[in-house]
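First up is the structure itself, then whatever we jot down about it.
The values are calculated or read from the model by the stated rules, or taken from the named source; none is laboratory data. Note that this is a predicted model, so its numbers are computed, not measured. Backbone-built Cβ (ideal geometry, glycine too); neighbour counts: all protein chains shown.
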Amino acid sequence: MPQLSKVKKAKRGNDKAFQELVEEEKNKLYRMAYLYVKNENDAIDIVHETIYKAYISIKKLKEPDYFTTWLTKILINTALDYIKKNKNIIPFEEIERYETNEKVPIAENLDLVDALDRLEEKYKTVIILRYYKGLQIKEIAHMLDCPEGTVKTNLHRAINKLRVDLREECL
Amino acid sequence: MSDSFKKEVNQIKIPEKKLDAAISSAIHRGRRKRWSTAKKAGLTTGAAAVLFCLFIASAFVSPTMAEFASKLPFLNQVFESKPIHEVVSEKLSEEYDVEGIGMSYSPKKEFYVTVIGSQEYYESVKDDIKEQVEETLASRGYDAFKVKVEQPRNSDHAVDPESEEMARKSEELMQAVQENMKESDYAILSLGTSFLDNKLAVELDIPNTETRTAEIEQIIQEIANEQQLGEVPVNFHMIDMKKREQEGRWQPIISTIGEGMMARKDFKVKGIGYSNHPAPMTVFVTLQVPVSDSDAKELAERTEKTVNEFIQSEEAKEAVKDDPYKIVIYSKDREILLETDY
């Protein structure tokens with residue numbers, strides 16, 4: 001497996017291998033970060049922080065097979081920290097947007113993504129992992145260090161909320 | 001749901017240039033961090049290696065150093081180093097406005113630092129000071145003290161006119177007595193006054209070889225009469241000069257035992273004392289365990305050994321000379337656990 005050998009190289013401190021690995025993941029990382037913060041600059045910041053953390057701690061990665069999972073976990077934690085830290089800050093652009101009531105289109109037709117934004121962080125996380133990353137319940141539970149039951153419950157609740165939300169919008 | 005969600009998410013536009021720049025700057029930052037950690041580790045090992053080489057070299061050269069390397073008992077290490085309060089005080093005064101420091105052994109083992117200045121200044125430095133003192137203590141293996149950083153207490157308590165009057169009177173009397181005694185050949189070690197029930201008295205330390213107490217008393221009374229102080233009793237404290245000399249010699253030994261034994265939790269020591277009345281010089285150690293504790297006996301033996309090893313060591317020789325001495329170990333409830341004459 002080419003990826004596995006690259007991870008091993010990167011672990012030994014090979015920068016080129018690390019860069020190549022990140023290259024493969026960067027778009028997914030950015031999009032996940034974007035789903036949490038809904039703006040370009042913050043998402044970029046989160047990716048930056050994630051790559052930095054990954055770079056300085058890749059030596060400690062125990063199972064090279066799980067590089068992608070490991071990186072995702074770092075991103076999620078970084079994003080959650082970032083949100084917690086900036087909870088009380090409303091950026092200027094945002095204030096303006098509230099005032100003018102003008103919607104900034106991020107892409108066409110992103111109803112689901114918009115609806116996701118209204119979910120609590122823990123629901124967002126399970127939705128992203130399950131439907132964007134396509135992980136199994138078991139893998140999600142492992143990544144978030146919580147029982148599978150909790151993941152299932154959160155997933156169900158998240159889906160229900162999304163449904164209600166989207167239906168209202170249709171009306 | 002999975003597919004449409006994925007599709008939607010994949011429509012999120014990627015600001016490619018920004019993203020690439022963020023990634024390369026992250027790696028750059030990481031490289032710097034890695035390098036600095038590696039450099040630090042390298043420097044430390046380097047320094048340690050140099051020290052180690054020096055150490056080995058000096059161990060070959062000097063027999064004293066070799067002894068040090070073999071094993072220097074804890075109390076001897078304490079004896080060789082500066083008293084801890086001096087070390088801390090010097091360190092703190094370099095950086096902070098510190099009024100004073102204090103160390104107390106009882107009821108709790110505490111280390112105080114008093115900071116002068118505004119409330120804001122106090123707030124801004126108290127944590128740093130605490131940390132630094134804790135580090136200094138830890139570097140010596142002292143773990144029993146709780147560090148407290150405080151502001152000075154308001155000490156402007158009112159002085160009542162009566163005691164002010166007394167203080168003035170005693171000051172005058174002392175001066176006159178001192179003047180007078182200078183001209184005489186009486187051996188007087190120290191001179192002071194005391195108040196008891198608002199009555200002034202003179203306290204004199206004299207060597208027990210001085211026999212002319214009656215004469216001295218008379219002279220003082222005359223001076224007191226001149227100053228219209230009425231009858232002033234004179235209390236003589238007869239000092240055994242040999243014992244005083246011995247006390248002076250033992251002082252650093254006792255304070256070393258005190259600092260060393262009290263500063264470490266594992267020694268479980270509550271108090272240290274000494275006395276050379278009656279002879280011989282006796283060192284008392286009170287442990288933190290009651291006599292009923294099953295380990296009390298063993299701990300007492302260990303404590304006794306530590307103290308005795310130090311007293312008999314080469315370094316303490318100069319102070320101890322060939323004095324006979326005694327070590328008494330008490331339990332928390334003042335039962336004698338161990339008593340040994342040397």
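Each row is one residue, and each column tells you yes or no for (1) in a loop (DSSP other than H, G, I, E, B); (2) touching a residue at least 40 places away in the same chain (Cβ under 8 Å); (3) buried (at least 16 other Cβ atoms within 10 Å of the Cβ).
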site	(1), (2), (3)
A:ALA10	no, yes, yes
A:GLU24	no, no, no
A:ARG31	no, yes, yes
A:ASP42	no, yes, yes
A:VAL47	no, no, yes
A:LYS53	no, no, yes
A:SER57	no, no, no
A:LYS62	yes, no, no
A:ASN77	no, no, no
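What is the one condition in (1) among the β-branched types (Val, Ile, Thr); (2) over 29 Å from B:PRO107 (Cα atoms); (3) touching a strand residue (DSSP E or B) at 6+ places or on another chain (Cβ under 8 Å) that B:ILE257 does not satisfy?
(2)
Going by the conditions given, is B:LEU200 in contact with a strand residue (DSSP E or B) (Cβ under 8 Å, 6 or more places away or on another chain), touching a residue at least 40 places away in the same chain (Cβ under 8 Å) and of a type outside the set (Gly, Ala, Ser)?
Criteria not met by B:LEU200.
Would you point out which residue out of B:SER70, B:SER104, B:SER36, B:SER58 is modelled with pLDDT under 80, closer than 30 Å to B:LYS130 by Cα and more than 14 Å from chain A (Cβ to nearest Cβ)?
Going through B:SER70, B:SER104, B:SER36, B:SER58 in turn, just one is modelled with pLDDT under 80, closer than 30 Å to B:LYS130 by Cα and more than 14 Å from chain A (Cβ to nearest Cβ): B:SER104.
Looking only at the range A:133-145, count every residue that is surrounded by 15 or more Cβ atoms within 10 Å (Cβ to Cβ) and in a loop (DSSP other than H, G, I, E, B) and tell me the total.
2
Under the condition of being within 14 Å of chain B (Cβ to nearest Cβ) and of a type in the set (Lys, Arg), which residue from the range A:120-152 is farthest from B:LYS6 (Cα to Cα)?
Among residues in the range A:120-152 that are within 14 Å of chain B (Cβ to nearest Cβ) and of a type in the set (Lys, Arg), the one farthest from B:LYS6 (Cα to Cα) is A:LYS124.
Answer with yes or no whether A:LEU4 is assigned to a helix (DSSP H, G or I), surrounded by fewer than 16 Cβ atoms within 10 Å (Cβ to Cβ) and not basic (Lys, Arg).
yes
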